[in-house]
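Visitor: One structure is given below, represented as C-alpha cells, and several questions about it will come after.
The values are calculated or read from the model by the stated rules, or taken from the named source; none is laboratory data. Given the structure is predicted, the values throughout are model-derived calculations rather than measurements. Here the Cβ is made from the backbone with ideal geometry for all residues, glycine too, and neighbour counts use every protein chain on show.
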Amino acid sequence: MAHTYYDFFAGGGMAGFGLGADWTCLFANDIDAKKATSYRANHHGGDALLLKDVAQVTLNELPGAPDLVWASFPCQDLSLAGNGAGLAGKRSGMFKPFWKLMRALHADGRGPKIIALENVYGAITSNGGRDFATLAAAFSGLGYRFGAVVVDAVHFLPQSRPRFFMIGIRDDQAIPENTTADGPSAMWHPPALVEGCTLLSRAAASRWCWWHLPTPPARNTSLAALIEDEPTGVTWHTPAETQYLLDMMTDVNRKKVDAARQTGERVVGTIYRRTRTGPDGIKRQRAEVRFDQIAGCLRTPAGGSSRQTIMVVDGQSVRSRLLSTREAAALMGLPDTYILPNRYNEAYKLAGDGVAVPVVRHLAETIFEPVLRRNRLSLVA
C-alpha cells in the first residue's frame, strides 16, 4: 500500500525523490515560481503543487489525511552564517503559519501520523537554544512523541552537509522498539543536540525520543567520480584565473596544491572563497582548498564566494572552474534524469536549497516506513 505525504517548502521536490515510488504526494507547496517550474518538470506535471505563500494556504486546500508531512522550512535566520533572528525572522518565521496549518489539520480530525522538519545545524543553537525548545514545544503541544537527529549527507554522498531533522509521531501511533534507543548516539546526536534537550519544558521532555538510526553502509562514491571532464554550463578558467586563485591561498593551502602535484596523479579538490582576518588584523578574501574527496556544503549562489570551485591537479597541470550544475545535482543525490533549470544560478540555488535525497531515504527506511507498517498491521490484527 502506498504511503501519502505533504511536502511543504517543497523546492524542486527532492524530498519526494528520497521517499521514492511507494509514496504519493497529496499536496506540495512553495512560494518560489522558478523552483515550482522545476518541481513540475520532475514530478509528472506537479498537479499536487500549490504555488502560494504558506501563510495564505487554507485548510480547505489541503486534501485527505497524510501519513507524513515533510517541511524543509527556510533556514536563513537559523543559519550560523545568518543574522541571528531565528524563528522570529521573516524567513525562518514561516514555521509559524506552517504549524498553524498542522494545528488546523488536527482540529479537523486529519492530523498527520508523522511530521518531519528539516533545517540547518544552527537550528539547534539558534537564539541560545530557545528556538530548538520552541520547535519541541510545538510537537509536544500537538500530542506528538518526537526526537531529533543530525544527519550528514557525507555518509551517503561526497558532500559535507550536516542537517537537523526533528521527527514526531502522533500519540495514537505505536513506535516500533527498534526505532528508538535508551540514550543518544554519537553519530546522530552531537553534543549541541544533547545539551539542547536540557532546555525542554517538562512536558516536552516527557515526550522526547532518542531515534535509533542504523549505521549506513560505507559510501562508495567519491568527488572525483562525479566530476565531468567536459562540464555542462561552465567553462574551465584561463591560466590567469587559476593563478589568481592560487595567489589568494595562504601557505597552508598552497602546500595542499603542491602535495597534490607531487603525487603525479589526477587529484580533484574544491575551493570556497572566504573572508579571513590575517595576523595584521586586515580582512582578506582567501581561497581555501580541500583534497579529501569531499565537497564543501553546497550553498545558494548569493555571490561569487558562495559558489564552489573545482580544482583539478594532474601532475604539474592545475586547472579550475566553477562546479557545474549537473555536478551539484549529483552531490545532492539526484539522478541524471532530473531536469535542471537552464540558468546556472537558478540550478545551483535549487541544489543548494534542497535536501540530500539519500538522507531522506535513510529516514524513510528506518523510521517513517517501519512506523506506518507497524500501525497498519495493528489495524489488520
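Visitor: I'm told Pro184 meets every condition in (1) assigned to a loop (DSSP other than H, G, I, E, B); (2) touching a residue at least 60 places away in the same chain (Cβ under 8 Å); (3) not charged (D, E, K, R); (4) not assigned by TED's automatic domain parsing to the domain that holds Met311 except one. Can you identify the failing condition by its number?
Guide: Here Pro184 meets the rest and fails (2).
Every residue, every condition in (1) out of contact with any Pro (no Cβ under 6 Å at 6 or more places or on another chain); (2) farther than 19 Å from Ile167 by Cβ; (3) surrounded by 14 or more Cβ atoms within 10 Å (Cβ to Cβ), yes or no:
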residue: Met332; (1), (2), (3): yes, yes, yes
residue: Pro335; (1), (2), (3): yes, yes, no
residue: Leu340; (1), (2), (3): yes, yes, yes
residue: Arg343; (1), (2), (3): yes, yes, no
residue: Pro358; (1), (2), (3): yes, no, yes
residue: Glu365; (1), (2), (3): yes, no, yes
residue: Glu369; (1), (2), (3): yes, no, yes
residue: Leu372; (1), (2), (3): yes, no, yes
residue: Asn375; (1), (2), (3): yes, no, yes
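Visitor: Looking at the structure I just gave you, is Gly89 surrounded by fewer than 19 Cβ atoms within 10 Å (Cβ to Cβ) and modelled with pLDDT under 95?
Guide: no
Visitor: Right, something else. In this structure, is Thr337 at pLDDT 95 or above, hydroxyl-bearing (Ser, Thr, Tyr) and in a helix (DSSP H, G or I)?
Guide: The answer is no for Thr337.
Visitor: Name the residues in region 1-44 that are surrounded by fewer than 23 Cβ atoms within 10 Å (Cβ to Cβ), among the polar types (S, T, N, Q) and in contact with a strand residue (DSSP E or B) (Cβ under 8 Å, 6 or more places away or on another chain), would you?
Guide: Listed by number, the residues that qualify are Thr4, Thr24.
Visitor: Here's something else I'd like to know. Please go through (1) of a type in the set (Phe, Trp, Tyr); (2) at pLDDT 95 or above; (3) in contact with a helix residue (DSSP H, G or I) (Cβ under 6 Å, 6 or more places away or on another chain) for Phe368 and return the number of the only condition it doesn't satisfy.
Guide: The single condition Phe368 does not satisfy is (3).
Visitor: Could you list all residues from region 106-151 that are within 30 Å of Leu298 (Cβ to Cβ) and part of a loop (DSSP other than H, G, I, E, B)?
Guide: Within region 106-151, Pro112, Ile124, Thr125 meet the criteria.
Visitor: Is there a residue being farther than 23 Å from Glu369 by Cβ and touching a Gly at 6+ places or on another chain (Cβ under 7 Å) anywhere in region 147-161?
Guide: Looking through region 147-161, at least one residue is farther than 23 Å from Glu369 by Cβ and touching a Gly at 6+ places or on another chain (Cβ under 7 Å).
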